[in-house]
Amino acid sequence: MFNSQEVIERVLGETKKRGAAFTEVLVSNGRYSFKRITDGEAYQPTAGDGVSIAVSSIINGKRVSASCDSLAAIQTEIDSLFTKARLLPADREELFIPTEPFPKASLPAGLLYDAKTAELDDTLLIKIMQRVNEIVESAGFVFDGAISQGVGELAFANSAGTFQSYKSTNAELSIFGFDPKDRSISAYRTVAGRSLGQFPIGELAEDVRKKLIIQKKYLAGHGGKRIDPFAGKQGPQKFDVIMEPSCWAGLLAIFSGQAQAWNGKTYHDGASFFSGKLGTRVMGENITIVDDPLSPLCIPQPFDYEGYPKKKLILVENGIAKNVVYDNALAKKYGAVSTGHALPGSMRNFGALPLHLGIEGGDSTVEEMIKVSKNPTLWVTTLHYIRSTHNQDGRETGTTLHGVFLVKDGEVVGPTEHLRFDESFPEALSRVTHISAALPTLSMETDMPYVVPAMRSEQFRFVSVADQSLVNQSDG
Amino acid sequence: MNDDWRAFAEEVIGRAKKAGATYADVRIHPEDRFEEVGVEDGNVVNVGSGVSSGFGCRVLYSGAWGFYATDQLDKAEIPRVVDRAIANARVNAVTRKYPVELLPIRDDERGREYIYVSPYKIDPFSIPVDEKVKLLLAADKAMTEAGQRIFRRDSGVESMRFRKILLTTDDVFADQTFTRVGANVSAMAQRDPLDPDKQTCSHPSHFPSVMQKGWEAILDFDLVGNAGRIAAEADMFLDAPETPSGIRDIILMPEPNNLHSTHETVHGFEGDRVDDKEWSLAGGSALSLVLGEIGKFKFGSEAVNIIADSLTDGGVGTFACDDEGVPAKKTVLVEHGIWKSLLVSRESAVGLNKKIGRPYFTEASGAMRAAGYGAFPLIRMNNISMLPGDMPYEEMLDRVPVGTIRFGNNKSWSIDPYRRDFQFGSEAGWEKVRRNGQAVWEPRRNPIYRGDNIKQFFRNCVTPADKNSAMLLGVGNCGKGSPTQTMATGHCTPPTWFKNIKVDSARAK
């Protein structure tokens with residue numbers, strides 16, 4: 001039986017005995033079952049169990065890290081820390097070494113752990129698959145996607161006396177619906193949390209089915225032709241948009257991850273969108289962005305990867321840039337305080353990242369957003385392959401996917417061609433007119449959950465139609 | 001030790017067969033090892049290493065796949081792992097409408113043994129960490145000296161070695177050991193701290209470029225020699241005009257061409273995508289819409305020839321046999337612009353043949369790879385190359401029209417799920433202009449280009465340059481599958497000329 005405490009004591013004892021000035025150990029162990037789904041069938045199912053032990057030490061003024069996944073390898077990896085440290089030049093910058101334990105982090109167990117999920121009962125996954133399949137197939141469509149359950153324990157300790165640990169469960173469900181004869185007719189919903197029992201599975205599947213039917217009916221009545229919002233127009237075009245939570249989750253994920261917008265290190269370097277902008281208006285008054293690792297809507301995490309307690313942090317409040325995030329080393333360097341956003345020891349040089357992001361919800365609904373949209377408006381299900389094109393401008397590109405519809409005079413007209421966008425995320429959030437309740441949503445970009453609403457934004461910039469029609473030999 | 005691992009693998013396969021598996025394979029990773037060193041602004045910011053080991057068993061039982069893996073590499077774990085894989089398949093079988101079918105492997109491949117050790121001249125793990133740091137500090141110093149307005153300097157090297165042992169119920173046994181290295185340097189420049197348009201240049205690529213070689217590959221990258229060049233370029237681009245907007249001819253240099261023409265595009269040549277099995281994650285392929293025309297469909301101009309080759313010297317996609325026991329081979333994907341083939345697995349070949357209506361694929365491509373013992377094998381690119389043309393690169397620079405934009409290292413990449421509509425951005429752009437009667441190449445900031453791979457881009461390929469300017473590099477972070485698997489893929493292209501492509505600035509409003 002794997003014992004995290006025993007591993008931690010062994011590593012801390014051994015490194016102290018050999019003269020390390022500081023050591024931290026992160027131990028995780030868990031089990032999971034994951035099923036991809038294609039045409040309603042289990043596809044590429046994986047399952048397994050494993051352990052990960054990550055050690056970072058400061059030895060003779062140098063920081064070194066090692067990791068392994070077995071008890072047998074620990075001694076070799078500890079030896080390698082000391083061998084390497086002996087050969088390195090001392091760091092020019094003074095390294096952060098805590099002198100006392102960090103405060104104890106805790107969360108109600110019910111927020112983190114679900115006993116039913118921890119059983120990893122594969123038959124439950126199959127039952128849910130069959131239920132979704134029934135709904136999607138009843139209208140002649142097929143169900144693709146993924147469903148998973150996992151259970152694990154994360155324990156952290158350092159040589160200054162900090163010890164933190166928690167057990168957690170996690171679950172994910174992605175529902176994609178397709179017309180088997182024309183995969184461009186598609187729809188999508190996703191959700192993540194600590195338990196499959198939290199998820200409104202029937203509602204999600206119904207929503208997917210409904211969107212598929214809208215597309216199929218329209219195309220059947222229009223010779224299979226989608227609406228082309230770029231018809232007769234040249235160059236980039238701006239359209240009002242109703243974007244569902246998955247769109248904003250993806251844009252937020254790339255803004256935070258690839259563009260490093262809230263990383264304290266990038267901020268002070270001057271390379272972040274927020275550099276020089278804290279305290280100023282950067283988005284609309286109706287936009288508040290938080291990092292809330294304790295929210296029951298996300299997969300909670302009570303402490304960061306250097307064992308520091310996490311708490312809710314407002315990043316943008318009513319459109320005003322409020323905070324960027326720090327670990328203890330960055331905080332010391334820049335005269336700030338840790339916000340509880342440290343990365344694992346071997347990645348600490350990248351700075352600090354918020355991993356529980358959300359945009360605060362409002363009281364509108366997608367139905368209302370459709371109703372108020374008199375001008376041509378695009379209702380977008382999700383965005384595909386989003387990438388930052390200019391980090392300091394917050395510019396991102398990608399394409400619409402799994403259902404994009406033209407809305408006009410308060411009605412859904414029909415499905416449009418898919419489009420490529422190239423837009424500034426903060427600028428898009430400066431033009432938001434309606435906000436729905438926020439929902440836990442998995443980003444297709446990072447596979448991580450974000451708690452985000454659907455929002456209606458005006459004048460979103462698109463640059464071209466992403467043609468999905470049959471290609472002729474003579475084209476070109 | 002080989003015999004011990006073989007006995008271990010035989011016990012796994014024996015138990016799976018006894019339990020009723022109609023196919024099974026086991027992959028054992030006795031020890032995967034990595035080491036990485038990073039320097040930033042003159043400080044050693046990352047010295048890390050790690051080891052990993054374990055085994056995973058995949059079974060076909062009652063017509064469904066089952067899988068289980070553990071990091072407990074202990075014979076005593078075999079019954080638990082195999083039984084869980086079988087139980088996993090038994091549950092999954094409830095969902096199957098049709099049993100999974102595999103294309104049989106060729107008779108002469110059954111029972112084969114593969115022993116492979118990737119070649120290297122200098123063992124990267126024999127280079128002490130202080131020597132690696134010394135190299136990176138020298139590159140850091142070169143960047144400091146070359147660019148007055150450089151405010152962030154990054155450099156890193158990584159080494160990896162992993163051994164993979166495979167046994168399948170077709171009696172294919174493989175014991176393969178791979179050594180890989182990677183490195184890059186990058187410099188970021190700004191006019192002042194609040195400058196909202198920083199400029200970054202890197203070498204050999206924006207992310208660490210990986211090679212299946214030893215330390216000699218790191219020396220060949222000449223990090224120190226190139227560090228000064230890229231720092232000077234990043235500084236120079238601060239004062240360059242924005243890239244103009246319009247339809248232009250373009251030259252893609254090997255690094256961005258590797259990513260566009262032989263990586264992002266060739267994902268669309270993966271058989272699982274074309275067979276519509278990947279829509280819920282990686283996406284599909286425009287080729288599935290014209291599957292019946294395989295062998296005669298015009299994908300690009302006559303100048304376009306693309307191959308997949310898992311036998312390329314030094315490529316990170318080189319091996320002896322893949323993770324379902326199929327030997328390494330070369331597959332012609334596009335020949336003189338005509339779409340010829342796909343990367344197929346034993347499973348996807350069956351599905352695709354049914355859709356095509358004839359046995360077009362008579363064997364798998366040897367392209368199934370898993371990211372580790374705990375991962376399910378997927379169709380992955382091996383080494384993908386765009387074959388060179390006849391035109392020397394210098395002649396290409398002369399012959400392209402004034403107004404042509406030349407794209408350097410990639411920094412932004414996005415492509416639609418059909419692998420058609422794309423937008424790529426580069427760190428560096430140069431425009432061919434005429435000054436005082438002379439053609440010169442001037443720097444342009446924030447260049448991007450966009451278009452449609454099939455309707456226009458490859459059909460507008462004028463020519464790749466000749467073989468002397470082709471460059472083999474590796475992408476180390478290709479993501480596919482769920483849970484996400486990160487794989488290294490090799491790519492080799494020369495600078496290539498395309499006509500009439502939409503170019504723009506990443507800051508265009």
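The values are calculated or read from the model by the stated rules, or taken from the named source; none is laboratory data. Only a predicted model underlies this, so the values are computations on that prediction, with no experimental measurement involved. For neighbour counting, all protein chains shown are included, and Cβ atoms are generated from backbone atoms with ideal geometry for every residue, glycine included. We work out accessible area using only protein heavy atoms, side chains counted, and drop any ligands, DNA or RNA first. Shrake-Rupley method; radii C 1.70, N 1.55, O 1.52, S 1.80 Å.
Measuring from label point to label point, each 7 Å out along Cα→Cβ, what is the B:Lys296 to B:Asp222 span in nm?
5.0
Accessible area per residue, 1.4 Å probe, Å², for the protein assembly as shown: what's the number? Mind dumping the intermediate values first?
Numbers: 33720 Å² over 985 residues.
Averaged over the residues of the protein assembly as shown, the accessible area is 34 Å².
Give, as ranges by residue number, the residues of segment A:300-339 whose backbone N falls under 13 Å from the point 7 Å along Cα→Cβ of A:Asn286.
Residues A:319 fall inside that zone.
Kindly express, to the nearest 10 degrees and within the range 0 to 90, the angle between helix A:201-221's C-alpha long axis and the longest C-alpha principal axis of chain A.
Result, in degrees: 40.
Report, ordered by chain and residue number, the aspartates and glutamates lying within cross-link reach of B:Lys296, taken as a straight Cα distance under 17 Å and ignoring same-chain residues fewer than 8 apart.
A:Asp475, B:Glu335
Would you work out the Kirkwood radius for chain A? I mean one over the mean of 1/r across all pairs of different Cα atoms, in Å.
Details: mean 1/r = 0.0415 Å⁻¹.
Averaging 1/r across every pair of different Cα atoms and inverting gives 24.1 Å.
Give the span of segment A:33-116's Cα atoms along each principal axis, as three whole-Å numbers ordered largest to smallest.
57, 32, 26
Kindly provide the Kirkwood hydrodynamic radius of segment A:298-441 in Å, to one decimal, from all pairs of distinct alpha carbon atoms. Could you put the intermediate results ahead of the total?
Details: mean 1/r = 0.0554 Å⁻¹.
Roughly 18.0 Å, rounded to one decimal.
With +1 on each Lys and Arg Cβ and -1 on each Asp and Glu Cβ, and nothing else charged, work out how big the dipole of segment B:66-116 is about its Cα centre, in Debye to the nearest 20. Working shown, then result.
Working: 9 positive and 9 negative charges, 67 e Å.
My answer is approximately 320 debye.
Give me the three principal axis extents of segment A:242-309 from the C-alpha atoms, as integers in angstrom, largest value leading.
Principal-axis extents of the Cα atoms in segment A:242-309, largest first: 36, 30, 22 Å.
If the chain between B:Arg191 and B:Arg80 were fully stretched, how many nm would it gain, using 0.36 nm times the residue separation less the Cα-Cα distance?
Gain on extension, B:Arg191 to B:Arg80, equals 33.8 nm.
With unit charges on the beta carbons (Lys and Arg positive, Asp and Glu negative) and the dipole taken about the Cα centre of chain B, which residue among B:Gly315, B:Ala85, B:Asn184 sits farthest to the positive side?
The one lying farthest along the dipole's positive direction is B:Ala85.
Considering only DSSP states other than H, G, I, E and B, which trypsin sites (Lys or Arg not before Pro) in segment A:327-410 qualify as loop sites with at most 15 other Cβ atoms within 10 Å?
On the way: sites: A:Lys332, A:Lys333, A:Arg348, A:Lys371, A:Lys374, A:Arg387, A:Arg395, A:Lys408; in loops: A:Lys374.
Answer by residue number: A:Lys374.
Looking at segment B:135-266, what % of the alpha carbon pairs are farther apart than 26 Å?
Values: 3488 of 8646 pairs.
Of the Cα pairs, 40 percent sit more than 26 Å apart.
Please report, in Å, the Rg and the Dmax of segment B:195-317, where both are computed over Cα atoms only.
So, for segment B:195-317, Rg and Dmax equal 19.2, 53 Å respectively.
To test your reading of the geometry: what angle, between 0 and 90 degrees and rounded to tens, separates the Cα axis of helix A:4-17 from the longest principal axis of chain A?
Tilt relative to chain A: about 50 degrees.
Please report the relative contact order for chain B, taking Cα pairs under 8 Å with a sequence separation of at least 6, and give it as a percent rounded to a whole number. The partial results should precede the final answer.
Details: 1362 pairs, mean separation 79.6, N = 509.
After rounding, I find 16 percent.
Hey, with R₀ at 41 Å, roughly what FRET efficiency would B:Ala138 and B:Asp171 work out to, going by the Cβ-Cβ distance, to 0.05?
Working: r = 51 Å, r/R0 = 1.25.
The formula returns an efficiency of 0.20 here.
In Å² (nearest 100), what accessible area is buried between A and B, both sides summed, heavy protein atoms only, 1.4 Å probe? Provide the component values of the computation, followed by the final result.
Values: alone 20960 and 20610 Å², together 33720 Å².
Buried: approximately 7800 Å² between B and A.
Provide the solvent-accessible area of B:Asp323, counting protein heavy atoms only and rolling a 1.4 Å probe, rounded to the nearest 10 Å².
Approximately 0 Å² of B:Asp323 is accessible to the 1.4 Å probe.
Once the convex hull of the alpha carbons of segment A:337-384 is built, what does its volume come to per residue, in cubic angstrom? Working shown, then result.
Details: hull volume 8.1 nm³, N = 48.
Dividing the Cα hull volume of segment A:337-384 by its residues yields 169 Å³.
Which percent of the accessible area of segment B:88-151 is formed by carbon and sulfur heavy atoms (probe 1.4 angstrom)? Don't skip to the end; give the middle numbers.
Numbers: 1970 of 3670 Å².
The computed percentage sits at 54.
With every protein chain present, what accessible area does A:Thr190 have (1.4 Å probe, heavy atoms only), rounded to the nearest 10 Å²?
Rounded to the nearest 10, that gives 10 Å².
Along its principal axes, what span do the Cα atoms of segment B:434-494 show, with the longest given first and each in whole Å?
Result for segment B:434-494: principal-axis Cα extents of 57, 29, 26 Å.
With the solvent-accessible surface defined on protein heavy atoms using a 1.4 Å probe, which residues belonging to segment A:176-197 display a reduction of at least 20 Å² in accessible area in the multichain context relative to the isolated chain?
Relative to the lone chain, where solvent access is computed with a 1.4 Å probe, segment A:176-197 loses at least 20 Å² at A:Phe176, A:Phe178, A:Arg183.
Just to verify a number: FRET efficiency for A:Asp228 and B:Glu31, C-beta to C-beta distance, R0 = 45 Å, to 0.05? If you can, show how the numbers build up before the last one.
On the way: r = 56 Å, r/R0 = 1.24.
Once the sixth-power term is evaluated, E becomes 0.20.
Mean 1/r over all different Cα pairs, inverted: what Kirkwood radius does segment B:332-477 give, in Å? Walk me through the numbers on the way to the answer.
Working: mean 1/r = 0.0536 Å⁻¹.
18.6 Å is the Kirkwood radius here.
Rank these residues by their accessible area, most exposed first, probe 1.4 Å: B:Lys499, B:Lys18.
Numbers: B:Lys499 90, B:Lys18 180 Å².
Order by accessible area, largest first: B:Lys18, B:Lys499.
Sorted by accessible area (1.4 Å probe), largest first, how do B:His260, A:His356 line up? Can you show the working numbers first?
On the way: B:His260 0, A:His356 20 Å².
Order by accessible area, largest first: A:His356, B:His260.
As a test of the formula, what do you get for the protein assembly as shown when each DSSP H run with n ≥ 4 contributes -39,500 (n - 2.57) and the sum is divided by the residue count, at 222 nm and rounded to the nearest 500 deg cm²/dmol?
On the way: 20 runs with 210 residues, N = 985.
The helix contribution divided over the protein assembly as shown gives -6500 deg cm²/dmol.
Label A:Lys408 and A:Glu367 with points 7 Å out from Cα along Cα→Cβ: what is the distance between them in nm?
Result for the modelled spin labels: 2.5 nm.
Relative contact order of segment A:148-267: what whole-number percent is it, with Cα pairs under 8 angstrom and at least 6 residues apart?
Working: 113 pairs, mean separation 18.5, N = 120.
RCO, segment A:148-267: 15 percent.
With +1 on the Cβ of every Lys and Arg and -1 on the Cβ of every Asp and Glu, and nothing else charged, how large is the dipole of chain A about its Cα centre, in debye rounded to the nearest 20?
Working: 49 positive and 56 negative charges, 143 e Å.
That gives a dipole near 680 debye.
Tell me the angle of helix A:245-256 to the major Cα principal axis of chain A, expressed in degrees between 0 and 90 and rounded to the nearest ten.
Once rounded, one gets 40 degrees.
Among rounded, prolate and oblate, which fits chain B when a ≥ b ≥ c are the square roots of the eigenvalues of its C-alpha gyration tensor, a/c under 1.5 means rounded, and a/b larger than b/c means prolate? Spell out each step's value before the answer.
On the way: a/c = 2.29, a/b = 1.44, b/c = 1.59.
Cα axes put chain B in the oblate bin.
May I ask you to derive the relative contact order of chain A, considering only C-alpha pairs under 8 Å and at least 6 residues apart, and to give it as an integer percent? Display every interim value, and only then the final one.
Numbers: 1185 pairs, mean separation 72.1, N = 476.
The value is 15 percent.
Within segment A:1-119, what whole-number % of the accessible surface is contributed by carbon and sulfur, with the 1.4 Å probe and all protein chains included in the calculation? Present the calculation step by step, with values, prior to reporting the outcome.
Values: 2850 of 5320 Å².
Summing carbon and sulfur atoms, their accessible area is 54 percent of the total for segment A:1-119.
Leaving ligands, DNA and RNA out of it, work out the accessible area of B:Ser505 with a 1.4 Å probe and give it in Å² to the nearest 10.
Approximately 10 Å² of B:Ser505 is accessible to the 1.4 Å probe.
Using the crude model of +1 on Lys and Arg Cβ and -1 on Asp and Glu Cβ, and no other charge, please compute the dipole size for the protein assembly as shown relative to its Cα centre, in debye to 20. Could the numbers behind the result be given before it?
Working: 113 positive and 126 negative charges, 246 e Å.
Charge dipole, the protein assembly as shown, about its Cα centre: 1180 debye, nearest 20.
Please give the contour-minus-distance gain from B:Val433 to B:Val402: 0.36 nm per residue of separation, less the Cα-Cα distance, rounded to one decimal in nm.
Working: separation 31, 0.36 × 31 = 11.16 nm, distance 0.54 nm.
Result: 10.6 nm gained on full extension.
Let me know the Rg and Dmax you get for the protein assembly as shown when you use only its Cα atoms, in Å.
27.0, 81
Just to be sure I understand the interface: list residues from segment B:438-469 that lose 50 Å² or more of accessible area between the chain on its own and the complete protein assembly, 1.4 Å probe.
Buried-area filter returns B:Arg450, B:Lys455, B:Arg459.
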